[in-house]
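The values are calculated or read from the model by the stated rules, or taken from the named source; none is laboratory data. Everything numeric here is computed off the predicted structure, so don't read it as measured data. Reconstructed Cβ throughout: ideal geometry from the backbone, glycine too, with neighbour counts over all protein chains shown. For the accessible areas, the whole protein counts, side chains as well, though only heavy atoms, and no ligand, DNA or RNA atoms are used. Shrake-Rupley method; radii C 1.70, N 1.55, O 1.52, S 1.80 Å.
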Amino acid sequence: MSLTRRQFVNSAAPFSLAFAAGLGASFFTSPARADDNPSPADLADAGPVGDIMIGSDKAPVTIIEYASMTCPHCAHFSETTFPELQKRYIDTGKARFTLRPFPLDALAAAGFMLARCGGNDKYMPIVETLFAKQQEWMVKEPLPPLKDIAKQFGISESDFNQCLANQKLLDDIQAVRDHAAQKLGVNSTPTFFVNGKKLVGDVSIDQMAKEIDSYLKAG
């Protein structure tokens, strides 16, 4: 059973409980874990939603992050490590970066849907804002604060409702999550792949730099 769209627009009941009622067990259980050394083809497979990359496509290092919008460790990485990562490596053409959805719960899926509905240019700004304001919308009734965040990015209430009622987008996000779990061995967030090397957890800028610099020196 797939996720059901009606739970996104039902603000009459607590969001997490209402949404959970329409979820299949697959969303809350981890599929069989894959090898920790995934094939390049499996790693390159961005799924039906595709990658939104930032940084030069000629960068020698590619960083893929799998995150959940409701994960506090992901939020901490976004607020503390990512700005320096972007300054040192992404903006200087040394690395390119993409953040793929690995929602651990229904509310996280809603956050990713909202970020996608903002368009490619607004995807990362919305993601960063959702992480920064995580405690404001991870509440019993999250739709009002999520709507307020959407308005900041020019998303009307009508577009907001249509976004969270988009069953195909929801299914596509779940497909990305399932692929990561089944083919890449992802079972927690955040999980990173730096030129294919797997790093798990809220890594510091020093840890990230150590991995990136090793590829820059090799080149």
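Going by amide H atoms built from the backbone, whose H comes under 5 Å of the H on residue 199, apart from near neighbours?
192, 193, 194
Excluding ligands, DNA and RNA, what is the solvent-accessible area per residue of segment 120-179 at a probe of 1.4 Å, expressed in Å²? Provide the component values of the computation, followed by the final result.
Working: 2900 Å² over 60 residues.
Spelled out: the 1.4 Å probe surface of segment 120-179, per residue, equals 48 Å².
Using 5 Å bins from zero, what percent of all Cα-Cα pairs in segment 54-107 falls into each bin?
Over segment 54-107, the share of Cα pairs per 5 Å bin runs 5, 20, 25, 22, 15, 9, 3, 0 percent.
Which distance in nm do the two modelled labels at residue 216 and residue 57 give, with both placed 7 Å along the Cα-to-Cβ direction?
Each label point lies 7 Å from its Cα, and together they span 2.3 nm.
Please give, to one decimal in nm, the separation of the simple spin-label points placed at residue 41 and residue 198, each 7 Å out from Cα toward the Cβ.
Result for the modelled spin labels: 1.9 nm.
Averaged across orientations, what area in nm² does the convex hull of the alpha carbons in segment 79-150 project?
5.2
Note the full-extension length gain between residue 178 and residue 133 as 0.36 nm times their separation in residues minus their Cα-Cα distance, in nm to one decimal.
Answer, rounded to one decimal: 13.5 nm.
Given a Förster radius of 25 Å and the C-beta distance between residue 86 and residue 49 as r, what FRET efficiency does 1/(1 + (r/R0)^6) yield to the nearest 0.05?
Values: r = 22 Å, r/R0 = 0.87.
Taking R0 as 25 Å, the efficiency between residue 86 and residue 49 is 0.70.
Compute the Kirkwood hydrodynamic radius of segment 143-214, taking the inverse of the mean of 1/r over all pairs of distinct Cα atoms, and give it in Å to one decimal.
15.2
List the lysines whose alpha-carbon lies under 28 Å from that of residue 210, not counting same-chain residues fewer than 8 positions away?
58, 87, 94, 183, 197, 198
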